[in-house]
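Beneath this line is the structure, given in structure tokens, with notes to follow.
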Amino acid sequence: MSHVSPDPDPEHTTGLEPGGSVPPGETPPAESSLPQAAVREPGATQRGWAKAPLALILALVVFFAAFFLVYALTLIH
């Protein structure tokens with residue numbers, strides 16, 4: 001089984017100078033970045049965190065802080 005390279009043969013590739021270099025007029029233009037090329041969905045805007053998850057996280061933090069405060073106070077007495 002012979003191996004065939006997916007790359008073009010440098011001997012038959014147009015735009016190459018001897019030795020494989022590319023002349024300045026043959027280089028492609030720079031590509032734009034991905035965010036500019038991406039298509040945005042009309043309803044896919046980000047609004048940040050919703051109020052319910054933030055309230056739940058805040059309630060858990062307050063609960064754990066109160067728990068450890070009471071635990072520390074019981075150790076003192």
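The values are calculated or read from the model by the stated rules, or taken from the named source; none is laboratory data. Owing to the predicted nature of the structure, the values given are computational and were not obtained by experimental measurement. Here the Cβ is made from the backbone with ideal geometry for all residues, glycine too, and neighbour counts use every protein chain on show.
Worth pointing out:
- Residue check, THR45 at pLDDT below 70 and surrounded by 10 or more Cβ atoms within 10 Å (Cβ to Cβ): no
- Within the stretch 55-77, residues that are part of a helix (DSSP H, G or I) have Cβ atoms under 9 Å from residues that are not acidic (Asp, Glu) in these pairs: ILE57/TRP49, counting only partners at least 6 apart in sequence or on another chain.
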